[in-house]
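Below you'll find the structure, written out as structure tokens, and then a few comments.
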Amino acid sequence: MRRVLERVRTEPGLARNTVVVVALVAIAGVVGGIILGNQRLVAPWSDRLVVTADFPATPGISPGNGQEVRIAGVNVGDIAGADVAPDGHARLTLSLEPGHRLYQNATLVLRPKSPLNEMYVTIAPGAPPAPVVSSGYQFPITSSERPVQVDEVLNHLDDNGQRMLTSLLAESDVALTSARADLPAGLDATTAVANHMRPVAEQLAQRKELIRRLITALGQIAQAVGGDDQRVRTLAAGLQTTLHSFGTHQPQVDQTLAELPGLLAELKRSTDAVHGLSDQLDPTLHNLADASDRFPEALHDLRGTADKLDAVVGAADPFLDAARPVVADLRPFVGELSTTLPELHAVTQRLDPMTNALLPYLPDLAAFTVQTRSIVSLEDSNNGVLRATAPYSFQTPPPVLGTNNGVKPLPAGVLGGN
């Protein structure tokens, strides 16, 4: 080294050339480091997670060109290799940076990064209770998905469809000629339509999720049914028996179907009647609702009445206490009175005809009473005076009272006789 340094110092121009060479080597090292850093160079000694995954197909894959592996949109590795599996599927080798954990229920999807079909792999890491994946694990084809390519769609079109698509592209070229003037307004209108269609898209997304769940459930049911042959045979035998019984009772089924229109007509009439009843019932329910609204107020008023009645009953307690001995004394009289009530009832039955008979004689009886009192009285308007009395009867009236023919006899049976 000393001889080399001595030669560089002593030989003319060698020092300058040596400095230039060292500077060029340094610049090349820096540039190479930058290039290798942008190319995501993996050092052989780095502890990376390397796994493989089977895909139905891997169009646009070019290992070693920095095609990414992403988790939640973050670049965590690259596609290190591509090969064909023994079963004919594509198998990709994925190299992930240290510190990322994958589970066996992870999902791998191959997606295009740009319209030029530049691909990358996005991974949903999965979660427990699935086991953690170690380096060298191979994900089956059921854990992976790939995008549908445009040429695959076009290959499913027939000749007419391809011709129509060609014509559509040609017409699009003509339509885009004035795109600079017309396209902005069209894009604004498209944005407005897309905003109006957003609820429809959300509903379609929900429907897609429901259909996915339905298909998954149907797959689970089919798997469960396929794993139990005895149950399938029992189900088939029961179905055969049901169909045989249905065929045997075909006339009864026909008769039932023939009676079905009449039943539907009766059901419609009953429904109409119920509808009419509901129309009549609605006012009653409204009135009942109004009554229920007023019922608390009525209960409040009734509570006040009950409080006053309680006070009245409390005030009547002394009267009731004083009346108890009187009621006790009246009990023997009431018992004796109950025995005389039948006889009293017979007597009162005869009072009505007697009263009706005496009613026409009330004026004469009043005059007779006044005259009699005047005759037998020992006084008049002039004070005391000596009077005389004379007995008489209906048969021998005195002349002053007229003859017997002037007296009105009582009707027969008034006094109980003939």
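The values are calculated or read from the model by the stated rules, or taken from the named source; none is laboratory data. Note that the structure is a prediction, hence the values are computed from the model and not measured. Every residue, glycine among them, receives a Cβ derived from its backbone with ideal geometry; neighbour counts consider all protein chains shown.
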| Out of (1) loosely packed, with under 12 Cβ neighbours inside 10 Å; (2) under 51 Å from the mean Cα position of the chain (by Cα); (3) in contact (Cβ under 8 Å) with a residue 24 or more places away in the chain, the odd one out for residue 114 is which? | (3)
| note | Given the conditions (1) in contact (Cβ under 8 Å) with a residue 40 or more places away in the chain; (2) exposed (fewer than 10 other Cβ atoms within 10 Å of the Cβ), every one holds for residue 354 apart from (2)
| task | Kindly establish whether residue 194 is in a helix (DSSP H, G or I), small (Gly, Ala, Ser) and modelled with pLDDT of 85 or more. | result | yes
| said: Quick check on my filter: what residues within segment 63-82 are outside any strand (DSSP E or B) and touching a Lys or Arg at 6+ places or on another chain (Cβ under 8 Å)? | reply: 66
| task | Spot the failing condition for residue 103; the list is (1) under 15 Å from residue 53 (Cα atoms); (2) out of contact with any Ser or Thr (no Cβ under 9 Å at 6 or more places or on another chain); (3) touching a residue at least 40 places away in the same chain (Cβ under 8 Å), and only one is missed. | result | (3)
| What is the one condition in (1) farther than 23 Å from residue 56 by Cα; (2) modelled with pLDDT of 90 or more that residue 121 does not satisfy? | (1)
| Single unsatisfied condition, residue 147 versus (1) in a helix (DSSP H, G or I); (2) modelled with pLDDT of 75 or more | (1)
| task | Kindly check whether there is at least one residue in segment 249-261 that is surrounded by 10 or more Cβ atoms within 10 Å (Cβ to Cβ), small (Gly, Ala, Ser) and without any contact (Cβ under 8 Å) to a residue 60 or more places away in the chain. | result | no
| Within segment 59-84, how many residues turn out to be under 49 Å from the mean Cα position of the chain (by Cα) and exposed (fewer than 12 other Cβ atoms within 10 Å of the Cβ)? | 3
